[in-house]
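This report concerns only the one structure given below.
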Ligand code: DQQ
């Protein structure tokens, strides 16, 4: 049933059926990439979560592997109500998962040990390995894990929040991943005046905390390494706050000294709960969860929900922020190269007939905008022009700062009846000299956009099956320096192997 849905992406990883959310245990082990994910095979809704598992030799072609973790069958099992998010670490050659075991309404840290091929997992008899959240602190929640080796000890962050103060992450230390000493809160969100709108913006709870040294350095490593650390988290509150943010700053000793707060992806909740790892070639690779922009009933009806992002290489930009690009391995899905000649786009002119069309596309544009100009790239457009999902780049009158926008007001004619998320999304993009490299990956309902390394991820559900790609200057003039387009293939050509 899920396969029949025209909105189901083809070159993004999706679960075989049912529900998918956060990426977990993302890693490379003896050459093979592993992607685990929050999974409910029973239906397209969040309930009794398992760890799904897929493996890859190139990060982009995936094969399903057996479910890695399932809630314990016993009523006293610490994870009887779900195996929530966590990570994979290498414990002296033994693959080990640290995850949140859900029991009733609360979660506690649990550990499972893998076979050498990472295909079967045994839960540690010590679970839960931390018996309770820190005493005497009024917490909003307590779950999700970031675990790393520092010298001769393990360190761990557990995501949380302190009521009335803000999101936080609690720091722990251990010699064996089984017995943990509490160190303290690494950092409390609103302790800094930089929070845009206090707790609502930075969350009353930080989900899926991910701490790493930006660039190629090692966390807690050489202090002469000038690269900042990044403390990535998904800001959550019991209202609508759901978006990925990060603090740049410096982790040292038992604390994190924040420098600045940044948005990680301008799509907000459409790139949620990201997790990253260093691969064997030294690249920091990040995955995130693209949640649906249609109501749950529609997903349940379709038989599936949730898309894994394309893997992104995360690097350090010159201004100290993070920069993102889809992994080059994605080029393996490319066929049918089309190249458009460079030209000048004049404001409010007729859209350039690109001749490019498709629902699975990789588009690469080099543009030079003049101050005050706006370039508009339409994708998923119907032949009659009534539907279109518009990617806009605008250059400020100052000529060096710009804005990336996604306008979904005409993405779907039935947006209102169907209750689709059609809210605009936007964020700032540095555009020195008006230059911008734009990359747009369209995979049916999944759209990932990168403008000079700044990402905007979202979902769109056209009803007319549109495939048209248009280009125009909506204001001012801009120079199209190059435009390369490819049709993209698919991960799962035939049937998926479903594991019991
Ligand atoms: N999803 C998981 C939690 C995490 C949340 C549960 C983030 O562990 O906090 O499926 O999307």
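Points to keep in mind about this one:
- Three-way shape call for the stretch 369-429 based on the alpha-carbon gyration tensor, with the a/c threshold at 1.5: oblate
- Each peptide in 267-277, 359-369, 378-388, 110-120 was scored by the mean count of other Cβ atoms within 10 Å over its residues; highest first, the order is 267-277, 359-369, 378-388, 110-120.
- The stretch 12-329, relative contact order [Cα under 8 Å, separation at least 6], %: 15
- Sorted by Cβ density within 10 Å, fewest first, the residues 80, 312: 80, 312
- For the stretch 90-165, dividing the convex hull volume of the Cα atoms by the residue count gives 115 Å³ per residue.
- Take every Cα pair under 8 Å whose residues are at least 6 apart in sequence, average their separation, divide by the length of the stretch 1-154, and the relative contact order is 15 percent.
- Bridge type composition, the chain - antiparallel percent by DSSP, nearest 5: 100
- Highest-first packing order for the peptide set 395-401, 141-147, 155-161, 432-438 is 155-161, 141-147, 432-438, 395-401, based on the mean count of other beta carbon atoms within 10 Å.
- Efficiency of FRET from Cβ geometry, residue 148 and residue 119, R₀ 22 Å, rounded to 0.05: 0.35
- Once both labels are positioned 7 Å from their Cα atoms along Cα-to-Cβ, the gap between residue 495 and residue 178 label points is 4.3 nm.
- Segment residue 482-residue 42, extension gain: residue separation times 0.36 nm, minus the distance between their alpha carbons: 153.8 nm
- Prolate/oblate/rounded call for the stretch 14-121, Cα gyration tensor, a/c under 1.5 rounded: oblate
- Put a dot 7 Å past the Cα of residue 163, heading toward its Cβ, do the same for residue 126, and the two dots end up 3.1 nm apart.
- Rounded if a/c under 1.5, otherwise prolate or oblate - the stretch 1-62, Cα gyration tensor axes: oblate
- Each peptide among 348-355, 416-423 gets the average number of other Cβ atoms lying within 10 Å of its residues, and from highest to lowest they stand as 416-423, 348-355.
- Across the alpha-carbon atoms of the stretch 334-488, the computed radius of gyration and Dmax are 14.5, 43 angstrom.
- Per-residue Cβ neighbour rank within 10 angstrom, fewest leading, 180, 84, 206: 180, 84, 206
- Relative contact order for the stretch 334-488: 43 percent, from Cα pairs under 8 Å spaced at least 6 residues apart, divided by residue count.
- Spherically averaged projected area of the stretch 218-283 from its Cα convex hull (nm²): 5.9
- Translational diffusion of the stretch 12-329, estimated by Stokes-Einstein from the Kirkwood radius over alpha carbon pairs at 10 °C in a medium of 1.306 mPa s, is 82 µm² per second.
- In this rough spin-label picture, where each label sits 7 Å from Cα along the Cβ direction, the residue 319-residue 90 distance is 3.6 nm.
- Neighbour counts of other Cβ atoms within 10 Å put 233, 170, 492 in the fewest-to-most order 492, 170, 233.
- Residue-span extension gain [residue 297 to residue 137] - 0.36 nm each, minus C-alpha spacing: 53.8 nm
- Stretchable slack from residue 364 to residue 331, in nm (0.36 nm times residue separation minus alpha-carbon distance): 10.7 nm
Any read-out appearing in this document is the output of simple, stated calculations on the displayed coordinates, not a laboratory observation. Remember, it's a predicted structure, so these values are computed and weren't measured experimentally. FYI the Cβ positions are ideal-geometry reconstructions off the backbone, even for glycines, and counts take in every protein chain you see.
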